[in-house]
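Participant: One structure, as structure tokens, below. Some questions next.
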């Protein structure tokens with residue numbers, strides 16, 4: 001194995017980044033006073049990794065990975081984790097990654113490594129198991145399809161992106177999921193579930209030498225899979241603004257989402273764009289909260305850069321999301337937002353507003369680091385998205401150096417002068433009888 005990087009997170013937690021001969025990467029974050037450790041496995045596969053005929057397979061495998069292997073029967077994985085005192089066993093699929101996580105007592109680390117290595121290489125993909133899980137996946141998709149928030153988000157992404165795979169829903173499309181064949185699963189598993197496509201993050205109290213030996217014993221004999229493909233090329237920002245309106249019979253108030261394209265986490269403008277999100281809407285004293293929520297137009301407003309929220313590999317979006325008060329049209333909120341932005345563009349950004357925004361960003365960042373699992377997710381997510389486990393800490397340092405003038409310039413560049421995509425979701429009213 002090779003030691004790639006050696007760090008100290010927050011000046012308190014030793015962090016070492018290793019790569020094994022078969023390509024498996026491991027981040028070991030040492031918290032010596034913790035008797036419980038977080039075990040997180042990140043695979044470089046999400047909805048953006050899927051081909052045109054594979055939409056939904058990444059999410060499907062999130063379910064299948066808890067089923068049978070060649071060594072374990074259906075349900076054994078969950079049972080064993082419960083017997084050794086594991087909690088928080090779960091998984092999630094995003095645009096660029098699928099993650100599997102659990103918290104376990106440190107003394108049971110070897111068993112967890114055995115279980116995770118087993119399902120990485122020996123998952124059983126029998127037709128019976130696939131059909132059993134297909135019903136569960138389709139049921140979940142139907143539930144999502146009936147949720148107004150999911151309808152809104154899928155429309156937002158499909159409007160903002162015209163060709164990039166981020167435009168497709170993470171769960172895929174029901175007609176494709178219904179038609180997946182047995183060989184589709186075997187091909188996808190062989191391509192994406194392999195040591196060179198995975199990052200294991202362990203955070204807690206452990207002996208490093210023993211842990212490395214256990215990782216070598218558990219994963220060392222597994223064969224690497226296909227090389228990691230380059231992410232889809234960034235999509236050029238649209239040349240003109242786009243607008244789409246949808247209706248939903250399950251809502252009684254309107255929703256407004258506006259998006260503008262951003263340049264990605266590693267771009268020099270990223271720290272200021274993260275700060276801009278906090279400046280506009282974080283906290284009750286923020287200008288958009290005061291203008292929209294305290295002004296009686298909305299019940300909620302948020303503005304954020306998607307890349308750090310979802311740890312996107314490709315460039316994402318700056319998103320403004322507004323839930324309107326009953327009877328208030330989205331256009332009224334759009335006008336109020338325009339007034340706030342134009343005021344900053346014309347008069348500049350006061351230093352006290354900049355200071356407040358910095359404090360809000362710090363609060364959100366460090367509040368999300370209160371457990372071994374949250375630490376593991378941060379360092380692992382930034383390693384996958386940016387190649388640097390300490391990227392989050394470096395962002396905080398860059399945010400401290402953003403000037404009010406720079407923030408004003410980027411507000412104009414990325415929002416006021418740039419084309420944007422707008423989606424309005426309105427209640428669907430029954431037609432009145434004639």
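Participant: May I ask you to say which residue of 137, 171, 156 is in contact (Cβ under 8 Å) with a residue 24 or more places away in the chain and out of contact with any helix residue (DSSP H, G or I) (no Cβ under 8 Å at 6 or more places or on another chain)?
Facilitator: 156
Participant: Across the stretch 262-288, what is the total count of residues that are touching a strand residue (DSSP E or B) at 6+ places or on another chain (Cβ under 6 Å) and either assigned to a strand (DSSP E or B) or surrounded by fewer than 22 Cβ atoms within 10 Å (Cβ to Cβ) (or both)?
Facilitator: Adding up the residues that qualify gives 0.
Participant: For the stretch 35-57, which positions are over 26 Å from residue 230 (Cβ atoms) and assigned to a loop (DSSP other than H, G, I, E, B)?
Facilitator: Initially, the stretch 35-57 is screened for residues over 26 Å from residue 230 (Cβ atoms), giving 35-39.
If the condition is that a residue be over 26 Å from residue 230 (Cβ atoms) and assigned to a loop (DSSP other than H, G, I, E, B), then 35 is the only one that fits.
Participant: Another question, then. Does residue 235 count as within 21 Å of the chain's Cα centre (by Cα) and either assigned to a loop (DSSP other than H, G, I, E, B) or surrounded by 13 or more Cβ atoms within 10 Å (Cβ to Cβ) (or both)?
Facilitator: So residue 235 passes the test.
Participant: If you don't mind, there's one more thing I want to ask. Being surrounded by 20 or more Cβ atoms within 10 Å (Cβ to Cβ) and not in a loop (DSSP other than H, G, I, E, B) is the filter here; which residues of the stretch 190-209 pass it?
Facilitator: If the condition is that a residue be surrounded by 20 or more Cβ atoms within 10 Å (Cβ to Cβ) and not in a loop (DSSP other than H, G, I, E, B), then 192, 195, 197, 198, 199, 200, 201, 202, 203, 204 are the ones that fit.
Participant: Here are some conditions: (1) within 24 Å of residue 102 (Cβ to Cβ); (2) part of a helix (DSSP H, G or I); (3) touching a helix residue (DSSP H, G or I) at 6+ places or on another chain (Cβ under 7 Å). Residue 212 meets all but one. Which one does it not meet?
Facilitator: (3)
Participant: Taking residue 402, is it touching a residue at least 24 places away in the same chain (Cβ under 8 Å) and in a helix (DSSP H, G or I)?
Facilitator: no
Participant: Pull up the stretch 58-81, narrow it to residues that are in contact with a strand residue (DSSP E or B) (Cβ under 6 Å, 6 or more places away or on another chain) and outside any strand (DSSP E or B), then point me to the one that is surrounded by the most Cβ atoms within 10 Å (Cβ to Cβ).
Facilitator: Only one residue fits best here, namely 58.
Participant: Among the residues of the stretch 300-331, what is the count of those that are surrounded by 16 or more Cβ atoms within 10 Å (Cβ to Cβ) and farther than 30 Å from residue 377 by Cα?
Facilitator: Residues that pass the stated criteria total 4.
Participant: For residues in the stretch 385-428 being surrounded by fewer than 15 Cβ atoms within 10 Å (Cβ to Cβ) and in contact with a strand residue (DSSP E or B) (Cβ under 8 Å, 6 or more places away or on another chain), which is nearest to residue 363 (Cα to Cα)?
Facilitator: Filtering first and then ranking leaves 419.
Participant: Just for helices (runs of 4 or more DSSP H) wholly inside the stretch 82-185: which have at least 2 residues that are assigned by TED's automatic domain parsing to the domain that holds residue 29 and more than 28 Å from residue 246 (Cβ to Cβ)?
Facilitator: 109-121, 127-145
Participant: Do we find that residue 393 is part of a helix (DSSP H, G or I) and modelled with pLDDT of 95 or more in this structure?
Facilitator: Taking the combined requirement at face value, the residue does not satisfy it.
Participant: Any chance you could count how many residues in the stretch 1-34 are assigned to a loop (DSSP other than H, G, I, E, B) and either closer than 22 Å to residue 113 by Cβ or touching a residue at least 60 places away in the same chain (Cβ under 8 Å) (or both)?
Facilitator: 11
Rundown of residues vs (1) in a loop (DSSP other than H, G, I, E, B); (2) touching a helix residue (DSSP H, G or I) at 6+ places or on another chain (Cβ under 9 Å); (3) closer than 30 Å to residue 146 by Cβ, yes/no style:
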{"position": "217", "(1), (2), (3)": "no, yes, no"}
{"position": "226", "(1), (2), (3)": "yes, yes, no"}
{"position": "231", "(1), (2), (3)": "yes, yes, no"}
{"position": "251", "(1), (2), (3)": "yes, yes, yes"}
{"position": "258", "(1), (2), (3)": "no, yes, yes"}
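Participant: Ok, one more. For a quick check of your reading of the model, give me the residue pairs whose first member lies in the stretch 194-207 and is on the phi > 0 side of the Ramachandran plot, whose second is surrounded by 24 or more Cβ atoms within 10 Å (Cβ to Cβ) and outside any loop (DSSP other than H, G, I, E, B), with beta-carbon atoms closer than 9 Å and at least 6 apart or on different chains.
Facilitator: Pairs found: 204/29; 204/37; 204/38; 204/39; 204/376.
Participant: Here's another thing I want to ask about it. Within the stretch 138-156, does at least one residue satisfy the condition of being surrounded by fewer than 15 Cβ atoms within 10 Å (Cβ to Cβ), modelled with pLDDT under 95 and within 20 Å of residue 193 (Cβ to Cβ)?
Facilitator: Scanning the stretch 138-156 turns up no residue that is surrounded by fewer than 15 Cβ atoms within 10 Å (Cβ to Cβ), modelled with pLDDT under 95 and within 20 Å of residue 193 (Cβ to Cβ).
The values are calculated or read from the model by the stated rules, or taken from the named source; none is laboratory data. Treat the numbers as computed from the prediction; the structure is a model and nothing was measured. A quick note on method: Cβ atoms are made from the backbone with ideal geometry, for glycine too, and the neighbour counts reach across all protein chains shown.
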